[in-house]
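The values are calculated or read from the model by the stated rules, or taken from the named source; none is laboratory data. Quick caveat: nothing in here was measured; it's all calculated off a predicted structure. Cβ placement follows ideal geometry from the backbone for every residue including glycine, while neighbour counts extend to all protein chains displayed.
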Amino acid sequence: MLTIQNLHVAAGTREILGGVSLRVRPRELHILMGPNGSGKSTLAQVIAGNPRFTVTQGTLRFRRFDLLRRSPEARARLGVFVSFQQPLAIPGVGVADFLRLAIAERNGDRMRPSQLRERAAARFPDVGLPVATLDRELNVGFSGGEQKRMELAQLLLMGARVAILDEVDSGLDIDGLRQVVRAVEEIRASGTAVLFITHNPSVLAHLIPTAVHILIAGAIVASGGRALGAKIAQQGYRDIA
């Protein structure tokens, strides 16, 4: 279970999150929505352990572990997976080498190159990537859609106990969106707790969440079900409280 309690976060002297509380249990899907600049991606970065942000108050726990006392690497080993809107391109680092190292760090599974290629051949098509992606440099020259698919491929190959997906649906066509939905449903069924961050309420036509939360100006101002998302789709974030 991921438990966020009264979380206050600042970047320098500017407070970005002002008391966020949220609990996501295994097999639950929580959708976090909000306008640009509301703090959604900051929350994902804080869960990942980005040192750019300072937690000034509150707690962030996964199961019995205090994540605020653990490095980003230690959080990943615990099973915390965070995808990012704009993953880094790393020239000189091949996708295959990156995945082998990441999987070994995550769960100790030290695969031979042939084993990774076999697993990629089984999973990459699920997110719309050719197996030849293994031979490319990580995110170098990738389109926005390819970057999103690469993030999902990592999740499917490594597994996770909690997955924070930051706008993996943005910029995708309908086929790409369906692949995202299938991946989310699969990891959720396996027992993963999922926090799906988006600014697009239309994703609720494809996903059935446990709860929908609205984040505005660094605070969760409303929580509900799909009806709340439908309300946002009709009138935007105006008058949501």
Restricting to region 1-26, name every residue that is surrounded by fewer than 14 Cβ atoms within 10 Å (Cβ to Cβ) and not in a strand (DSSP E or B). G12, T13, R25
Under 6 Å by Cβ, and 6 or more places apart or on different chains, what pairs join a residue from region 158-175 that is small (G, A, S) with one that is part of a strand (DSSP E or B)? A160/F81; A163/F81; A163/V194
If you go through region 70-93 one residue at a time, do you hit one that is at positive phi and in contact with a Ser or Thr (Cβ under 8 Å, 6 or more places away or on another chain)? no
Residue tally, condition part of a helix (DSSP H, G or I) and more than 24 Å from P91 (Cβ to Cβ), over region 102-141: 10
Filter pass, P209 being touching a residue at least 40 places away in the same chain (Cβ under 8 Å), touching a helix residue (DSSP H, G or I) at 6+ places or on another chain (Cβ under 9 Å) and more than 27 Å from R63 (Cα to Cα): no
Which residues, counting only those in region 118-143, are surrounded by 15 or more Cβ atoms within 10 Å (Cβ to Cβ), of a type outside the set (A, V, I, L, M, F, W, C) and either farther than 17 Å from I187 by Cβ or within 16 Å of the chain's Cα centre (by Cα) (or both)? T133, R136, E137, N139
Scope region 72-96; condition without any contact (Cβ under 8 Å) to a residue 60 or more places away in the chain, outside any strand (DSSP E or B) and farther than 25 Å from G218 by Cβ; matching residues: E73, A74, A76, R77, L88, A89, V95, A96
Residue ID - surrounded by the fewest Cβ atoms within 10 Å (Cβ to Cβ), chosen from residues in region 144-201 that are in a loop (DSSP other than H, G, I, E, B), more than 14 Å from the chain's Cα centre (by Cα) and modelled with pLDDT under 90: D173
Going by the structure shown, is I232 over 20 Å from the mean Cα position of the chain (by Cα) and in contact (Cβ under 8 Å) with a residue 40 or more places away in the chain? yes
Kindly check whether there is at least one residue in region 61-70 that is crowded, with 17+ Cβ neighbours inside 10 Å, touching a helix residue (DSSP H, G or I) at 6+ places or on another chain (Cβ under 8 Å) and either closer than 30 Å to L134 by Cβ or polar (S, T, N, Q) (or both). no
Has region 36-47 got at least one residue that is buried (at least 19 other Cβ atoms within 10 Å of the Cβ), assigned to a loop (DSSP other than H, G, I, E, B) and touching a strand residue (DSSP E or B) at 6+ places or on another chain (Cβ under 7 Å)? yes
Only one of L68, L99 that is outside any loop (DSSP other than H, G, I, E, B) and within 18 Å of V168 (Cβ to Cβ): L99
Give Q57, Q115, Q86 a once-over and let me know the one that is modelled with pLDDT under 95 and surrounded by 13 or more Cβ atoms within 10 Å (Cβ to Cβ). Q115
